[in-house]
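Notes for the one structure printed next.
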Amino acid sequence: MTYPSSSPKVRIEFVALLAACALFLSTVEYLIPKPVPFMRIGLANLPLIIGLGLLTKREYILLALLKVLGQGLITGTIFSYIILFSIAGTFASTLLMYIVYRFFKQWVSLIGVSIAGAMASNVAQLTLSQYLLFGAAAKLIAPPFLVVGLISSIILGVFAQQFEQNSAWYRSLREGSL
Amino acid sequence: MKKIRLGDIIIFLLSLVLIGASFGSYGKLSGKPEVRVQAEGREWVYDLSVNTTASFSGPVGTTSIEIHDGKVHVLASDCRNKVCIAAGWISSAGEWIICLPNNVFIRIEGSIEPQAGGVDDISF
């Protein structure tokens with residue numbers, strides 16, 4: 001097992017800490033003007049990328065759920081249809097990131113994980129928008145979304161990779177000494 | 001970055017392929033002009049440079065179109081007002097003819113190029 005064996009109470013606090021981090025990053029992201037509201041940079045995905053190496057599967061799903069709820073709360077979209085895009089994007093990306101990290105860890109760094117997650121999120125949201133919003137015209141907005149997703153996910157991935165390599169906090173968590 | 005691995009490059013390249021494929025949705029708008037006809041709940045595509053005639057059935061009867069010398073018009077229609085026939089010939093991308101009673105929509109798609117001596121796109 002690659003995750004530490006701390007007590008359940010410490011572990012749930014740790015999930016809460018990462019979720020709070022996602023909430024804060026959602027707020028930061030909300031401040032940045034964007035051409036369309038659901039074109040996101042994905043800052044709030046950073047805790048999800050970093051959490052990959054620290055959490056169990058169940059904790060990871062809990063974190064994804066908290067991120068969706070927190071983001072909906074921050075952006076005020078929790079009771080609108082936009083939350084469906086958030087759910088689709090977050091769960092598609094967490095699923096793919098978890099699979100890539102779990103089974104291809106030797107060959108992929110967090111940069112690749114981040115790109116895969118961003119692509120999964122964008123494809124899921126574009127597919128959903130095809131049925132909910134735009135119909136066949138959804139494919140016309142695909143290129144800018146995917147390009148923005150690729151660039152921002154590379155930046156996030158580099159950050160996450162650096163964090164994983166250099167953070168003493170992260171290392172001590174991995175070793176289970178917190 | 002010292003930690004970039006093979007899998008990262010593969011994922012990156014796959015993403016580029018995905019993005020490239022997504023740009024394909026723009027590509028259709030350029031190239032040879034083609035006549036697109038929506039009728040009977042489907043869409044037909046005709047080459048504007050090939051002379052032909054075609055008929056489409058709708059709620060009030062049959063609408064026939066003719067493509068001739070790079071132009072298209074409605075030859076005959078069973079509708080009441082014959083607005084579609086009165087619309088005459090169209091030949092450049094972006095132009096369209098509609099027969100509303102019979103649910104037939106004819107349009108020309110392709111890259112819109114300014115024609116010498118033509119009407120300006122903006123100040124019509």
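Charges were assigned to the Cβ only: +1 to each Lys and Arg, -1 to each Asp and Glu. The resulting dipole of chain A about its Cα centre is roughly 220 debye. Going from the fewest other Cβ atoms within 10 Å to the most, the residues B:C79, B:C99 appear in the order B:C79, B:C99. The trypsin sites (Lys or Arg not before Pro) of region B:1-85 that DSSP puts in a loop, and whose beta carbon has at most 11 other beta carbons within 10 Å, are B:K2, B:K28, B:R80.
Cβ-to-Cβ counts within 10 Å put B:E66, A:E175 in ascending order as A:E175, B:E66, the fewest first. Comparing A:N45, A:N122, A:N166 in a Gaussian network model of chain A where C-alpha atoms under 10 Å apart are linked, the largest mean-square fluctuation is found at A:N166.
Computed from the C-beta positions of B:S64 and B:R36, the FRET efficiency with R₀ = 22 Å rounds to 0.85.
Assuming 1.002 mPa s and 20 °C, estimate D for region A:127-170 with Stokes-Einstein, Rh taken as the Kirkwood radius over Cα pairs, in µm²/s. Please report the intermediate quantities before stating the final value.
Numbers: Rh = 12.6 Å.
My calculation gives 170 µm²/s for D.
Every pair of different Cα atoms in region A:8-174 enters the Kirkwood calculation, which places the hydrodynamic radius at 16.1 Å.
In sequence order, region B:54-70 has phi-based couplings of 8, 10, 10, 9, x, x, 10, x, 10, 10, 10, 10, 10, 10, 8, 6, x Hz under the Karplus curve 6.51 cos²θ - 1.76 cosθ + 1.60, θ = phi - 60°, and Gly or Pro positions carry x. Judged by a Cβ-Cβ distance under 4.7 Å, the unpaired cysteines of the protein assembly as shown are A:C21, B:C79.
Could you give the Stokes-Einstein D for the protein assembly as shown in µm² per second, using the C-alpha Kirkwood radius, 20 °C, 1.002 mPa s? It would help to have the intermediate numbers written out before the result.
Working: Rh = 22.9 Å.
My calculation gives 93 µm²/s for D.
Of the residues A:A88, A:A160, A:A142, the one that moves most in a GNM of chain A with alpha-carbon contacts below 10 Å is A:A142.
Other chains near B:12-19: what is the mean number of their Cβ atoms within 10 Å of each residue's Cβ?
Details: counts 8, 0, 4, 12, 3, 0, 8, 10.
Per-residue shielding by partner chains comes out at 6.
Provide the net charge surrounding A:Y98, with neighbours chosen by a C-beta distance below 13 Å and charges set as Lys +1, Arg +1, Asp -1, Glu -1. Don't skip to the answer; put the middle values down first.
Numbers: positive: A:K57, A:R58, A:R102, A:K105; negative: A:E59.
For residues surrounding A:Y98, the net value is +3.
Legend: mean number of C-beta atoms from other chains within 10 angstrom of residue C-beta atoms, peptide A:111-121, equals 4.
Using the Kirkwood radius over Cα pairs, work out the Stokes-Einstein diffusion coefficient for region B:34-109 at 20 °C and 1.002 mPa s, in µm²/s as a whole number.
Numbers: Rh = 11.9 Å.
In µm²/s, the coefficient rounds to 180.
Taking the Cα centre of the protein assembly as shown as origin and charging only Cβ (+1 Lys, Arg; -1 Asp, Glu), how large is the dipole, in debye to the nearest 20?
Working: 23 positive and 18 negative charges, 299 e Å.
Roughly 1440 debye, rounded to the nearest 20.
Note on chain A: helix-only mean residue ellipticity at 222 nm, from DSSP H runs of 4+ residues weighted -39500 (n - 2.57) and normalised by residue number, equals -24000 deg cm²/dmol. Comparing A:P47, A:P144, A:P33 in a Gaussian network model of chain A, where Cα atoms under 10 Å apart are tied by springs, the biggest mean-square fluctuation is seen for A:P33.
Which of A:M97, A:M119 comes first, and how do the rest follow, when ranked by fewest Cβ neighbours within 10 Å?
The most exposed by this proxy come first: A:M119, A:M97.
Once C-alpha pairs closer than 8 Å and six or more residues apart are averaged by separation and normalised to the residue number of region A:8-174, the relative contact order reads 23 percent.
A short reminder: the numbers here are calculations on the coordinates, not readings from a lab. Predicted model, so just to flag it, every value in this text is computed and none were measured. Ideal geometry is used to build each Cβ from the backbone, glycine not excepted, and the neighbour counts take in all protein chains shown.
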